[in-house]
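Here the structure comes first, spelled out in structure tokens, and everything after it is commentary.
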Amino acid sequence: MVDNERMDKLARSFFEDHDHGREAMQNASVTENICFIDYLENTCIKKAKEMKNQEDMQYFTEYDIHFRMLTLEKIMKLKELWIVISKGTNHFYAFNYDVIVLVDPSEADYLINNLAQQNLDVEIRKISGEDFVAMVEDMPRLGFKNVEFTDGRLRPLIIPRDTILKADKAKTRINPKLYIESLTFLQQVAKFKKEGKGVIIKENSPLTKALQEAVLLVPAIVQSKSGNQMQVKYPFLNTGVEGQKVLPLLTDRKEYDYFLSTPLMKDYASLPEDKRVCIELPFIEIFRIFSTDDLFALAVNPMGFNLVLNKDVVDIVTKEMHLTNNPNILVEKNGKPVEFPEDFSEEDEEGNTPKSEDTDVLRKKVLEHFIETQQGIIEKNKDIDTEEAKSKVKKAEEKLKEFKKQLEALND
């Protein structure tokens, strides 16, 4: 904790002689720097704004920017720092999409106790300066936006991640939004569990929206290949309960590589490289697998934060998502192709079944989509000289004929 007398001395040095004040800030500790920046921003600049004194506001703002960069330079030279870890996720504690980093652990207990009063259990973990840089480099993948520097009690100095290190746009970051929303949700799960309460994923929640928009990596085993097409099966996780199949999903390539290195995936990782494939699938296509493979649950980053989505949760997430045939993906169940959707029945916003004429319009649209899908399958396979391709074309032509017949009947 910064001594009040020491802060008064720093303030006097700054206002009496700015050159001497800059030198004093250079020699001050990082904690003292953070405290003085807080004084500039929340006292000096704030008061200048209230008095509409543009000259003073510009004057204090310029020094604020200077001292912020000076303090950041000091932080980057620190040999050790302390990060706040959520016990509920064993990951960085997510506070408004920010990471909390202590430059001095002297007031760590104050922070821990303050969060404990809110039933949020955290711990403080020491890291090296090199580990801190690696953490900042990884923040865009995880969805974190800023770093909040404090000693555990001081109002934090908030620095945007890209001010610390410029983002490398060349790197692929598939699901930062899903990553951060999963951490935030699981922190709340741990909090409510401590309070003896249950928690579920709600419709239109940030996590639900992140899942709906997600493109996830799915480990798969290649069964056969034909040109650009391949048949795969999925290595389900073993829950120890017969019939409970769990499909592992990964948010990004780094999580996928780590997952492969764990004992859980030993058999899969030992397969020849040409038998292993990592497929990128939007959540709607993962829902297709979930619906046809009789899965018990989905597990996002099972060796990381391990967000488990059972049938009830998947139903909530996919409530407004509708499966249709995808010409690029053939789904089979018990050796037979599965067509989507199988049920044309829908309800309006008030829960009423549509009138027959509205249903006919819907059926026409669906049939038109089916026709387009089968035409796509025919076009894709007609020039491939294999028995498998010929069989697909034949089946598609039969279905195309039947769908056209149904559409003609509706138009009559």
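When you restrict to C-alpha pairs under 8 Å that are six or more residues apart and normalise by the size of segment 79-123, the relative contact order lands at 42 percent. The value given for segment 231-284 is a Kirkwood hydrodynamic radius of 12.5 Å, derived from the mean inverse Cα-Cα separation. Per residue, the average separation of C-alpha pairs within less than 8 Å and at least 6 apart gives segment 30-151 a relative contact order of 28 percent.
Please state the shape class of segment 144-217: rounded when a/c is under 1.5, otherwise prolate if a/b exceeds b/c and oblate if not, all from the C-alpha gyration tensor. All intermediate terms of the calculation are to be shown ahead of the outcome.
Values: a/c = 3.19, a/b = 1.16, b/c = 2.75.
Note, shape of segment 144-217 comes out oblate.
Normalised by 2.2 N^0.38 Å, where N is the number of residues, the C-alpha radius of gyration of segment 78-176 stands at 1.06. Normalised by the number of residues in segment 227-325, the mean separation of alpha-carbon contacts (under 8 Å, six or more apart) gives a relative contact order of 29 percent. If you take all other residues with their beta carbon under 13 Å from the beta carbon of Val300, and give Lys and Arg +1 and Asp and Glu -1, the sum is -2. Taking Lys and Arg as +1 and Asp and Glu as -1, the other residues whose beta-carbon sits under 13 Å from that of Ile316 total 0. Other residues whose C-beta falls under 9 angstrom from the C-beta of Ala48 contribute a net charge of +1, scoring Lys and Arg +1 and Asp and Glu -1. Strictly over 25 Å apart at the Cα level, which of Lys177/Lys245; Lys145/Lys319; Lys177/Lys311; Lys191/Lys254; Lys191/Lys319; Lys126/Lys177 would you flag in this model? Checking Cα-Cα distances, Lys177/Lys245; Lys145/Lys319; Lys191/Lys254; Lys191/Lys319; Lys126/Lys177 exceed 25 Å.
Multiplying each eigenvalue of the alpha-carbon gyration tensor of segment 172-314 by 5 and taking the square root yields semi-axes of 27, 16, 15 Å, largest first, rounded to whole angstroms. Convex hull volume of the C-alpha atoms in segment 18-75, normalised per residue: 64 Å³.
The reciprocal of the average 1/r between distinct C-alpha atoms defines the Kirkwood hydrodynamic radius, which for segment 106-259 equals 19.1 Å. Of all beta bridges that DSSP places with both ends in segment 1-152, some 70 percent have antiparallel geometry.
Any read-out appearing in this document is the output of simple, stated calculations on the displayed coordinates, not a laboratory observation. Note that this is a predicted model, so its numbers are computed, not measured. Note that we place each Cβ from the backbone using ideal geometry, even for glycine, and neighbour counts take in every protein chain shown.
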